[in-house]
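J.: Structure incoming, see below.
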Amino acid sequence: MPTLAGFSPSITFLENTVNATPQLLDSEVVFTDLEGDFDGGMLVLTGLLAEDRASVRNEGTGAGQIGLNGTDVTFGGVVIGILSGGVGTPLTITFNGAATTAAIDALIQNLTYANVSDTPTGSRNLTLDIIDGAGRSTTLIEPSNFSVQVDSPTFSIDVGNESRPYLADLDDDGDLDLVIGSVAGTVAYFENTGTAESASYQPRTGAANPFDGLDVGSRAAPILADLDDDGDLDALIGNEVGAVAYFENTGTSSAPVFVERTGAANPLSSFASAAGTTSTQLELADVDGDGDLDLLVASNASGVATLRYLENTGSGAAPVFTERTGAANPFDGLAGAAANLVDRDNDGDLDLVLVQRGVIPGSLSTQGSLFNYFENTGSTGSPQFVQRTGSANPFEGLAATTHLSATFGDRDGDGDLDIILGRADGQLVYALNTTQPSGAAVIRVDVTPQGDSPGLNDQTPATSFGETLVNEGPQLLAIDPATALFIRDGNFNGDRLIITGVLAEDRISVRTEGNGPGQIALNMPNVLPGEIDPPPPTISFGGVVIGTFSTVIGSPAFTFNASATTEAIEALIQNLTYASASDTPTASRTLRLVYNDAFATPLSGIDVGSNATPVFVDFDGDGDADVVVGELDGVLNWFENTGTLLQPVFVQQTGVDDPLNGIDIGARSTPTFADLDGDGDFDLIVGETDGVLNFFENTGTATVP
């Protein structure tokens, strides 16, 4: 059954952004399908308006990349389907036999949206459905919630004392088997002889148990993962004294053979536990989003729970685990007797579940267990864990007096995560995920209107003059009377019309028609004798002044006031004149009319008070220019570009979000940036009113200074 998790319910785009280039709809969504049969199936995106455009981003033909060549949709260079529609009509991609779960997951993450309207509809609901080869439609998985009767075992499995279970597909048959550590230091294996949808666990002993004969001392806590990147599951097993044993799978993914590695062959041979450790539980996950597995070690030492983070600074095939502390540890300050990293809210990143041992409210026991939930409000590569309590903690009902650990997996094949809990008495408890999945995924796409860049339509491409004619007097540039000015906001106050490409010998001016209705006039000022700085000429339309004219040779410009209108500016353009002051004129030049909208500039609204000294720099390493502005008071202001390189949107960052917060050089701060120490990131140099320079080294990175 196709399932979607982490699909964002809404997204908002700026009009100019989706007018300029297609934008990704949701790059964090996760698609799964146990059967993986898509031949003849399809992806359908409906709800598009006439102005909407949906398609697929062309990443390329490399491994893991989605490509689009005409109507062919590819994954890793192999055609997986044919695209049709998407231009104001439903987007359909019909799959062939080469389509896989991984390919469709990547495809959904590369769906794009664009809008061709200058007056876009504010909102629309798009519905995404994936239909597999058997005709089954998408199920949308919502954030998980769990329900279980406290201390009520649902399995007949009992390993004696202190069960620590782990779910994994140990025999590579497509369903989850159960591995359980015990207080004796051994590991039991229960094969799932049922199905992914209806599990049935049968004990395997002797040679049928790949862990037969393994003994880590006491309180075995196993975890399985591919630690050497060879395609099969290896094992790490924690024990009572805090040691971590490594068992490499030298067999296959379906017939594992676990061989203990010691010394340098064990990437955790040098791991030192705290004095007085009485239990150690492990969790492997890609905490920092770099593609390899990192390690969490939850321990109980002298009655105090700890949680240690070991980053994999090696690779997926040759891990090197380096402990991180303080600010380098995203779990700093947290502790638990056991830890699990799972995507509980289906938003594409890992959340944290901690088993806490201690007093349970309302319980007679003083050695109970609480399940605390910490939502990851950061990202896959930079997690930030925030505790959720009460109804926001879906594990609140799992509080009990004997639980030691938890393992997560889809035990009933419905596409969501269930839980199996280990208990001190050796038995297990099954917590069913009670979340009811919904139908196809619906995302609301909002487009925020923006003032469009002004434009001139139907301009005359070329005109020619005889030398004598333009020497004798100004001639109309003969700009097409159909020339139309397009500007969305209708506010021309402060806007400028500039003529570029003017040579020193050229003279640009305006024909005076008169002051009657619809007429343009150039009004020269009355210059008094001895006046050094006379006012500029004004331009009027219908007898009303609409702006001033700067007659500087080489760069003539018009600056408009609030009385200017579209009709007035179009009339002005059609009355522009050209003359030449040279007897040996340059034969050709290209003149351009450049219209600057004072209210469409991305810098509108930036005001630091006095003495603004801006510098443009890619401050956060995301490929576009941000603005850092010094000011009279000596502090610095960072305006992050949250738009794009071509459509910048500057938003001021303050407090902890501003790496420049706290820098104050006294007065008249004048910043500039350069990589002064050659480490690949920008350092900061700030001038000040006393004439000295202040150097601030970037001790962070190019993306997080």
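J.: At what distance in nm do the modelled label points of Val545 and Asp173 sit from each other, each positioned 7 Å from its Cα along Cα→Cβ?
T.: Here the answer is 9.2 nm between the modelled labels.
J.: Among [x] 28.2; [y] 31.0; [z] 30.0, which one is Kirkwood radius over Cα pairs in Å computed from these coordinates?
T.: [y]
J.: Does segment 501-605 classify as rounded, prolate or oblate by the C-alpha gyration tensor (a ≥ b ≥ c root eigenvalues; a/c under 1.5 gives rounded; else a/b over b/c gives prolate, otherwise oblate)?
T.: Note, shape of segment 501-605 comes out rounded.
J.: Mind listing the phi-derived Karplus ³J(HN,Hα) values for segment 223-240, rounded to whole Hz, using 6.51, -1.76 and 1.60 with θ = phi - 60°, and x for any glycine or proline?
T.: Working through the residues one at a time gives 8, 10, 6, 7, 8, 10, 6, 10, x, 10, 8, 9, 10, 10, 10, x, 9, 4 Hz.
J.: Have a look at Gln519, Ile80, Gly413 and report the one farthest towards the positive end of the charge dipole of the chain, computed about the Cα centre with Cβ charges (Lys/Arg +1, Asp/Glu -1).
T.: Result: Gln519.
J.: Going by C-beta contacts inside 10 Å, put Glu260, Glu640 in order with the fewest on the left.
T.: So the ranking, lowest neighbour count to highest, is Glu260, Glu640.
J.: Can you sort Leu307, Leu352 from fewest to most other Cβ atoms within 10 Å of each residue's own Cβ? Numbers along the way, then the final one.
T.: Values: Leu307 22, Leu352 27.
Ascending number of Cβ neighbours within 10 Å: Leu307, Leu352.
J.: For Val608, what is the net charge nearby, where nearby means another residue's Cβ is under 14 Å from its Cβ and Lys, Arg count +1, Asp, Glu -1? Write down the numbers at each step before the final one.
T.: Working: positive: Arg668; negative: Asp607, Glu631, Asp633, Asp658, Asp664.
Cβ neighbours under 14 Å give a net charge of -4.
J.: Can you give me the long-range amide H partners of Thr448? Hydrogens built in the peptide plane at 1.01 Å from N, cutoff under 5 Å, separation of 5 or more residues or another chain.
T.: When sequence neighbours closer than 5 places are left aside, the close amide H contacts are Phe13, Leu14, Glu15.
J.: Indicate the gyration tensor shape class of segment 146-433 (rounded, prolate or oblate), computed on the Cα atoms with a ≥ b ≥ c the square roots of the eigenvalues: a/c under 1.5 is rounded; otherwise a/b larger than b/c is prolate and the rest oblate.
T.: Rounded shape, in that the Cα axes give a/c under 1.5.
J.: Could you order peptides 385-394, 81-90 by the average number of other Cβ atoms within 10 Å of their residues, highest first?
T.: Going from most to least packed, we get 81-90, 385-394.
J.: Test of understanding: ordering Glu375, Glu531, Glu323 by Cβ neighbours within 10 Å, fewest first, what list do you get?
T.: Least to most surrounded, the residues fall as Glu531, Glu323, Glu375.
J.: I've got another one for you. Got a sec to turn the phi values of segment 669-678 into Karplus ³J(HN,Hα) couplings, 6.51 cos²θ - 1.76 cosθ + 1.60 with θ = phi - 60°, whole Hz, x for Gly and Pro?
T.: Computed from phi, the couplings for segment 669-678 are 5, 10, x, 8, 10, 6, 8, 6, 10, x Hz.
J.: Net charge around Asp132, counting only other residues with Cβ within less than 10 Å of its Cβ (Lys, Arg = +1; Asp, Glu = -1)?
T.: -3
J.: Quote the charge dipole size of segment 231-350 about the Cα centre in Debye, to the nearest 20; the model charges only the Cβ of Lys and Arg (+1) and of Asp and Glu (-1).
T.: Details: 4 positive and 18 negative charges, 108 e Å.
Taking the Cα centre of segment 231-350 as origin, the dipole is about 520 debye.
J.: Mark the label point 7 Å from the Cα of Asp286 along Cα→Cβ and return the residues of segment 1-37 whose backbone N is within less than 16 Å of it.
T.: What the label zone holds, given the 16 Å backbone N cut-off, is 27-32.
J.: Assign one of three labels to segment 178-332, namely rounded, prolate or oblate, based on the Cα gyration tensor with a ≥ b ≥ c the square roots of its eigenvalues; rounded applies when a/c is under 1.5, prolate when it is not and a/b is larger than b/c, and oblate otherwise.
T.: prolate
J.: Still on this model: List the residues whose amide H sits under 5 Å from the amide H of Val56, counting only those 5 or more places along or on another chain, with H placed 1.01 Å from N in the peptide plane.
T.: Hits under the 5 Å cutoff: Thr112.
J.: How much length is gained on full extension from Ile82 to Asn523, taking 0.36 nm per residue of separation minus their Cα-Cα distance?
T.: 152.3 nm
J.: Read phi for every residue in segment 94-111 and hand back ³J(HN,Hα) as whole Hz from Karplus 6.51 cos²θ - 1.76 cosθ + 1.60, θ = phi - 60°, with x for Gly and Pro.
T.: Each residue of segment 94-111 in turn: 8, 8, 10, x, 7, 5, 10, 4, 4, 5, 6, 4, 5, 4, 4, 5, 10, 5 Hz.
J.: Tell me what the chain gives for mean residue ellipticity at 222 nm when only DSSP H runs of n ≥ 4 count, each as -39,500 (n - 2.57), the sum divided by the residue total, rounded to 500 deg cm²/dmol. Spell out each step's value before the answer.
T.: Numbers: 4 runs with 29 residues, N = 705.
That comes out to -1000 deg cm²/dmol.
No value in this document is a laboratory result; all are computed from the given coordinates. Everything numeric in this text was worked out from a predicted model, so none of it was measured. In this analysis, Cβ positions are derived from the backbone assuming ideal geometry, glycine residues included, and neighbour counts consider all displayed protein chains.
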